[in-house]
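To start, the structure under review is shown below, and the notes come after it.
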Amino acid sequence: MRLSSYFLPVMKETPADAQIVSHKLMLRAGLVRQTAAGIYAWLPLGLRVLRKIEQVVREEQDKAGAIELLMPTIQSADLWRQSGRYDAYGPEMLRFPDRHAREMLFGPTNEEMITTIFRDAAKSYRDLPRTLYHIQWKFRDEVRPRFGVMRGREFLMKDAYSFDLDEEGLRRSYEAMFVAYLRTFARLGLQAVPVRAPTGPIGGDLSHEFHILADTGESALFYDSAIEDISREELLAADASTIARLTGLYAMEEEEHGKVKDCPVPAERLRSRRGIEVGHIFAFGTKYSAAMGLIVQTKEGGQVHPQMGSYGIGVSRLVGGIIEASHDENGIVWPDGVAPFEVGLINMRADDPACAAAADRLYADLRGAGVETLYDDRDERGGAKFATMDLIGLPWQLIVGPKGIERGVVELKRRATGEREELSLESALARLTG
RNA sequence: CGGGGAGUGGCGCAGCCUGGUAGCGCAUCUGCUUUGGGAGCAGAGGGUCGCAGGUUCGAAUCCUGUCUCCCCGACCA
């Protein structure tokens with residue numbers, strides 16, 4: 001993409017409404033614009049990040065055996081009356097009538113809907129186990145939206161729902177999602193801490209929250225520092241033993257930690273950090289299958305309500321969360337795999353024919369090699385281009401200047417470390433396409 | 001929902017107390033000079049001051065109402 005014809009409205013100054021660093025940077029870097037309290041438009045660069053995260057989440061869900069579908073955002077009140085949650089949910093649910101005065105709502109979650117869909121199709125133990133998921137916009141009319149996309153009212157969520165014949169099956173489905181979550185967050189370059197969660201109103205007895213560590217997080221966590229010793233490689237290859245190891249280590253949210261009389265973690269290993277909740281998994285048994293009349297026939301000819309679980313990841317929240325966890329004074333530092341473009345190609349002198357020709361050729365070669373490249377071909381001074389590139393945080397900057405071109409070299413800069421290296425055009429290309 | 005703060009060109013702000021034809025920085029446009037870390041000079045465009053009502057000869061400014069946004073607390077991906 002040529003920056004001269006892209007839509008990237010960056011700001012030098014921070015809008016007064018933004019308080020936390022991720023919100024400030026998302027506005028400044030032209031990722032989002034606010035349109036109402038807790039509601040955001042995703043600009044081109046922000047959308048690319050959102051899609052990248054979504055894709056990592058999707059790949060790991062698929063790998064875990066979950067099957068993607070897509071349910072609507074608008075649901076009917078009658079559906080929610082079947083589970084009794086229409087009255088129970090409260091003002092966080094946005095309700096409105098359609099033209100025929102039917103009571104509708106903008107879905108805050110999809111347990112009821114997926115349960116009826118599955119109920120009407122699955123009749124036999126042969127139809128189990130299944131885990132279905134979708135990545136879809138939710139609306140929760142938060143009392144107090146804040147911190148940009150971290151606590152928006154409209155947000156993109158991956159929600160998965162598992163159906164199993166018995167509790168043993170549910171445990172397996174739950175673990176499969178647990179593994180998928182560990183891998184997902186590791187792939188996103190995040191250190192995630194699974195915290196055993198009080199199950200709250202959704203019910204059930206098995207539930208974990210996944211928090212990513214960031215100083216501006218809304219939750220206070222206490223955990224065994226041994227959790228930090230688990231390497232990214234191990235998390236990327238997570239399996240049931242990883243879960244056993246992780247869940248064997250102490251990790252609590254402040255409130256729960258406060259109730260603990262004798263903390264088993266020695267003081268020197270007890271970490272107190274802040275976290276952002278980006279995932280939450282529940283096993284809640286037959287709560288919805290019973291309420292919604294989901295029944296399957298067993299091999300022996302009996303009838304059972306399937307055991308269910310639900311598994312959420314806040315996809316749009318992750319955009320803010322990743323920035324909270326990865327930025328510096330100059331702007332965002334995107335982890336590889338999440339960045340909106342892999343390479344920012346800077347032509348230092350748009351008016352220098354040799355320089356422009358070299359940059360044009362590099363751009364064509366990078367594109368030809370399938371490297372996502374944002375090419376700053378604008379007629380701006382170098383300083384402005386550096387500042388913009390640092391702000392938007394692409395992992396690699398490839399700098400083409402007239403002095404270097406005379407000597408046949410370009411400069412490759414790693415955003416995360418600031419390391420720079422002079423390379424011939426060929427070896428720079430080889431590095432970025434390799 | 002309780003408490004606090006704020007609405008003035010795209011962004012950041014001043015002006016309001018003490019009414020008198022709306023100003024600064026950044027950004028934008030034009031020209032010239034510049035060109036490896038957000039350039040300089042000269043010129044230009046852009047705002048019925050959130051909205052409605054009132055007071056007044058006259059309202060961004062005073063009064064009333066209303067809407068919106070932000071922050072702190074209780075809840076959540």
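The values are calculated or read from the model by the stated rules, or taken from the named source; none is laboratory data. These figures come from a predicted structure and were not determined experimentally. Note that we place each Cβ from the backbone using ideal geometry, even for glycine, and neighbour counts take in every protein chain shown.
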Expected single match for surrounded by fewer than 19 Cβ atoms within 10 Å (Cβ to Cβ), touching a Gly at 6+ places or on another chain (Cβ under 8 Å) and within 29 Å of A:Val49 (Cβ to Cβ) among A:Ser231, A:Ser219 is A:Ser219
Taking region A:141-173 and keeping only residues that are assigned to a helix (DSSP H, G or I) and at negative phi, one is left with A:Val149, A:Met150, A:Glu167, A:Glu168, A:Gly169, A:Leu170, A:Arg171, A:Arg172, A:Ser173
Exactly one of A:Gly279, A:Gly258 is within 30 Å of A:Gly46 (Cβ to Cβ) and either within 16 Å of RNA strand B (Cβ to nearest atom) or at pLDDT 95 or above (or both), and that one is A:Gly279
Counting only residues that are on the phi > 0 side of the Ramachandran plot and in contact (Cβ under 8 Å) with a residue 24 or more places away in the chain, region A:380-427 contains a total of 1
Is it the case, given these coordinates, that A:Ala358 is at pLDDT below 95, touching a helix residue (DSSP H, G or I) at 6+ places or on another chain (Cβ under 8 Å) and either within 14 Å of RNA strand B (Cβ to nearest atom) or under 30 Å from A:Leu294 (Cα atoms) (or both)? no
- Test A:Asp336 against the criterion of being in a loop (DSSP other than H, G, I, E, B), closer than 26 Å to A:Asp390 by Cβ and of a type outside the set (Val, Ile, Thr), and give yes or no. yes
Restricted to region A:117-136 and to residues being of a type in the set (Ser, Thr, Tyr) and surrounded by 17 or more Cβ atoms within 10 Å (Cβ to Cβ), the residue farthest from A:Lys63 (Cα to Cα) is A:Tyr125
Filtering strands (runs of 3 or more DSSP E) wholly in region A:69-117 for at least 1 residues that are of a type in the set (S, T, N, Q) gives A:74-76
Note on region A:325-339: residues over 19 Å from A:Lys12 (Cα atoms), within 16 Å of RNA strand B (Cβ to nearest atom) and either of a type in the set (Asp, Glu) or buried (at least 24 other Cβ atoms within 10 Å of the Cβ) (or both) are A:Trp334
Residue set A:Val49, A:Val10; condition part of a loop (DSSP other than H, G, I, E, B) and under 13 Å from A:Ile332 (Cβ atoms); output residue A:Val10
